[in-house]
Amino acid sequence: MKLATLKNGSRDGRLVVVSKDLTRCTDAARIVPTLQSALDDWETVAPRLARMAEGVELGSVPTFRFHEQDCESPLPRAYQWADGSAYINHVELVRKARGAEVPESFYDDPLMYQGGSDAFLGPRDDIPLGDVAWGCDMEGEIAVVTDDVPMGVTEAEAADHIKLVMLCNDVSLRGLIPPELAKGFGFFQSKPPSAFSPVAVTPDELGAAWKDSLVHLPLRVDYNGEAFGRAEAAEDATFSLARLVAHAAKTRPLSAGTVIGSGTVSNKGADGGPGKPVSEGGLGYSCIAEIRMIEKIATGEFKTPFMTPGDTVRMEMLDGSGKSIFGAIEQKVAAV
């Protein structure tokens, strides 16, 4: 099933069940008012929402037009948001950009940071930017939402706790990252609010594209109206999303509604190198930092600037028939 949260003036929005083709929806209030409430009692509530989803498809429940621009992120705020490093190719490239080596442990022990989850951006909300010197960058990711996850789960057990899948634009301020990391305490100011796709879907909605806790489809990233990334989300993944959930739960339980990100979806080139832009026949990139690093390797200097007010980004994933699965994240950078 597909779920979305409509803006209604409240902090947590209004939960709706959305049709498979993203054209219609029905109010879920008679079952549960918000997505967080649903996740808190998922075992009981999910079957009822699934029956409602069947009713939407059959036309047996009242529906109204679904508009993606009316959506909050599926969880407008969450108890926890942690972002991992499923794609080591991305880690290698961005660390090279700041002159840092990749420790060997990163290849068998995921990297993860805990981000701010109290104020996610909606999928059509502007990206606020206080200073262009901060180096605003988008990061296209896959994210999963869990129910209650016990401490110490295995990767196989963690897979069963993944209840929803969505897309993410994990905004980064690249110019603020090096001084923060130099302090030895990790990201904070360099990680402003992230945005998520209009719709969150249950893994079964992905069909054969959901395998081994990875989404086997390309993530489409357009930058200022041009194709920027078409990276395959299951290719070159060092870790599965279930592995990232298990990593997060190693020493603590995770509350229902925890959001875990994959890190920037990133592919190597056909020759095992860093890959080529879409305009040159490659799969491109899901963030600007990667193409800047490749430019540096090739020419000795960075050419592509980071985002400035007025720049736009669109992120979407299509199924095998070319239909949008999660709806699109469409954002513009705005000076504040």
Practice item. Tell me, yes or no, whether segment 293-311 has at least one residue that is among the small types (Gly, Ala, Ser) and either open to solvent by 50 Å² or more (accessible area, probe 1.4 Å) or touching a Leu at 6+ places or on another chain (Cβ under 7 Å) (or both). Key: yes
Practice item. Identify, from the list 62, 47, 33, the residue that is within 20 Å of residue 196 (Cα to Cα) and surrounded by fewer than 19 Cβ atoms within 10 Å (Cβ to Cβ). Key: 33
Exercise for review: Looking only at segment 273-281, decide whether some residue is modelled with pLDDT under 95, farther than 29 Å from residue 210 by Cβ, outside any loop (DSSP other than H, G, I, E, B) and not charged (D, E, K, R).
Suggested key: yes
Check your understanding: Residue check, residue 38 against (1) open to solvent by less than 10 Å² (accessible area, probe 1.4 Å); (2) among the small types (Gly, Ala, Ser); (3) within 19 Å of residue 254 (Cβ to Cβ); (4) in contact (Cβ under 8 Å) with a residue 60 or more places away in the chain, all met but one. Which one?
Key -> (4)
**Study point:** Residue that is outside any loop (DSSP other than H, G, I, E, B), of a type outside the set (Asp, Glu) and either touching a strand residue (DSSP E or B) at 6+ places or on another chain (Cβ under 7 Å) or modelled with pLDDT of 95 or more (or both), where the choices are 15, 75
**Key:** 15
Point to revise | Top-ranked residue in segment 1-30 [being aliphatic (A, V, I, L, M) and in contact (Cβ under 8 Å) with a residue 60 or more places away in the chain; ranked as surrounded by the fewest Cβ atoms within 10 Å (Cβ to Cβ)] | key: 6
Practice item. Just give me the residues in segment 255-264 being assigned to a loop (DSSP other than H, G, I, E, B), buried (at least 19 other Cβ atoms within 10 Å of the Cβ) and not aliphatic (A, V, I, L, M), in sequence order. Key: 257, 258, 262, 263, 264
Practice item. Kindly list the number of the only condition in (1) touching a residue at least 40 places away in the same chain (Cβ under 8 Å); (2) assigned to a helix (DSSP H, G or I) that fails for residue 252. Key: (2)
Practice item. Spot the failing condition for residue 125; the list is (1) open to solvent by 50 Å² or more (accessible area, probe 1.4 Å); (2) outside any helix (DSSP H, G or I); (3) out of contact with any Ser or Thr (no Cβ under 8 Å at 6 or more places or on another chain), and only one is missed. Key: (1)
Practice item. Provide a single number: the residues in segment 265-277 that are buried (at least 21 other Cβ atoms within 10 Å of the Cβ) and more than 7 Å from residue 87 (Cα to Cα). Key: 3
Exercise for review: Sort out which residues of segment 210-244 are over 17 Å from residue 269 (Cβ atoms), in a loop (DSSP other than H, G, I, E, B), open to solvent by 40 Å² or more (accessible area, probe 1.4 Å) and in contact with a helix residue (DSSP H, G or I) (Cβ under 7 Å, 6 or more places away or on another chain), and write them in order of number.
Suggested key: 216
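The values are calculated or read from the model by the stated rules, or taken from the named source; none is laboratory data. Computed from a predicted model, the values in this text were never measured in an experiment. In this analysis, Cβ positions are derived from the backbone assuming ideal geometry, glycine residues included, and neighbour counts consider all displayed protein chains. Accessible surface areas use protein heavy atoms only, side chains included; no ligands, DNA or RNA. Shrake-Rupley method; radii C 1.70, N 1.55, O 1.52, S 1.80 Å.
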